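The values are calculated or read from the model by the stated rules, or taken from the named source; none is laboratory data. Worth saying up front: this structure is predicted, and the values here are computed from it rather than measured. Because the Cβ atoms are built from the backbone with ideal geometry, glycine has one as well, and the counts that use them run over all protein chains shown. The protein model used for the area step is the full one, side chains on, heavy atoms only, and it has no ligands, DNA or RNA in it. Shrake-Rupley method; radii C 1.70, N 1.55, O 1.52, S 1.80 Å.
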Amino acid sequence: MNEDKQLDILVITVHPDDAELGCGGTLAKQVAMGRKVGIVDLTRGELGTRGTPEIRKAEAENAAAILGLSVRENLGMRDGFFQNDEPHKLQVIHAIRKYRPEIIITNALHDRHPDHGRAGDLVNDAVFLAGLRKIETSEDGTSQAPHRPRLMLQLIQDNYIKPDIVVDISDYWEQKIEAIKAYRSQFFNESYQADEPETYISKPDFLEYIESRAREYGKYIGAKHAEGFTCRRLLGVDDLFVLK
């Protein structure tokens, strides 16, 4: 992965595979356009029914290579029990200042999994606080400069949420699916023979649901597949003709 730390887009999501499921196509598209993209996972997903943290780590690295990421990092927060408190905010602030992205993407506003909404709130608060110079953080013994990204978007995950923006990922759908399937322990895979229980996301029809959502969003903009995002503020454009 590229050693230059500054990124165009940083995804900060709570579980390894959240980013791939929610915005893998968008990330692949942005990388193809020459932008530098990274993911920071908050936890190792250690409470997941299937697999182990060590397996998830290897799977996340494989998915990162498929998407062409410049950076992938894990903050090692406690899966299921992290809080939106000062110590956790400071960890996220540190990551934001380290990578200095223009755009941040994070978890859904609310969702079936309680970690998702809580992580989204944590990142939202940290995005604001990262711009305050009186909050001090350091990297390798050097004080970090304040940095506030210009835009933060939220994924749409399991629960349906009306998107504020949709991105055409038709040309990157197969790459997204390949990145998702890198998590062999989590999603349906005929070659994964571990004796583990079936889960909501390991059933064969789960990926069909993911595609149904992408096709629904694509329909509204005349695309085969699309990914949707929400934003906590109004979005503006300079030129109406850039809109689909």
- Mind listing whichever residues of the range 64-84 are farther than 26 Å from residue 171 by Cβ and either within 15 Å of the chain's Cα centre (by Cα) or not charged (D, E, K, R) (or both)? 73, 74, 75, 76, 77, 80, 81, 82, 83, 84
- Hits in the range 110-139 (condition: more than 19 Å from the chain's Cα centre (by Cα) and open to solvent by 80 Å² or more (accessible area, probe 1.4 Å)): 133, 134, 136
- Query: Is one or more of the residues making up the range 219-229 modelled with pLDDT of 95 or more and within 22 Å of residue 44 (Cα to Cα)?
  - Reply: no
- Does residue 207 satisfy the criteria of being within 25 Å of residue 51 (Cβ to Cβ) and either open to solvent by 70 Å² or more (accessible area, probe 1.4 Å) or not hydroxyl-bearing (Ser, Thr, Tyr) (or both)? yes
- Item | In the range 32-63, residue surrounded by the most Cβ atoms within 10 Å (Cβ to Cβ) [restricted to those that are more than 15 Å from the chain's Cα centre (by Cα), charged (D, E, K, R) and in a loop (DSSP other than H, G, I, E, B)] | 50
- The one condition in (1) of a type in the set (Gly, Ala, Ser); (2) surrounded by 15 or more Cβ atoms within 10 Å (Cβ to Cβ); (3) without any contact (Cβ under 8 Å) to a residue 40 or more places away in the chain that residue 212 fails to fulfil: (2)
- Message: Take residue 227 and tell me if it is open to solvent by less than 20 Å² (accessible area, probe 1.4 Å) and of a type outside the set (Phe, Trp, Tyr).
- Response: yes
- Query: Can you tell me which residues in the range 71-109 are farther than 20 Å from residue 149 by Cβ, touching a residue at least 40 places away in the same chain (Cβ under 8 Å) and surrounded by fewer than 17 Cβ atoms within 10 Å (Cβ to Cβ)?
  - Reply: none
- Message: Looking at the range 138-160 only, could you name the residues that are in contact with a strand residue (DSSP E or B) (Cβ under 6 Å, 6 or more places away or on another chain) and under 18 Å from residue 25 (Cβ atoms)?
- Response: 153, 154, 156
- Message: Here's a check for you: in the range 140-191, which residue that is closer than 24 Å to residue 7 by Cβ, polar (S, T, N, Q) and touching a residue at least 40 places away in the same chain (Cβ under 8 Å) is least open to solvent (accessible area, probe 1.4 Å)?
- Response: 154
- Query: Taking the range 1-31 as the region of interest, how many residues are in a helix (DSSP H, G or I) and β-branched (Val, Ile, Thr)?
  - Reply: 2
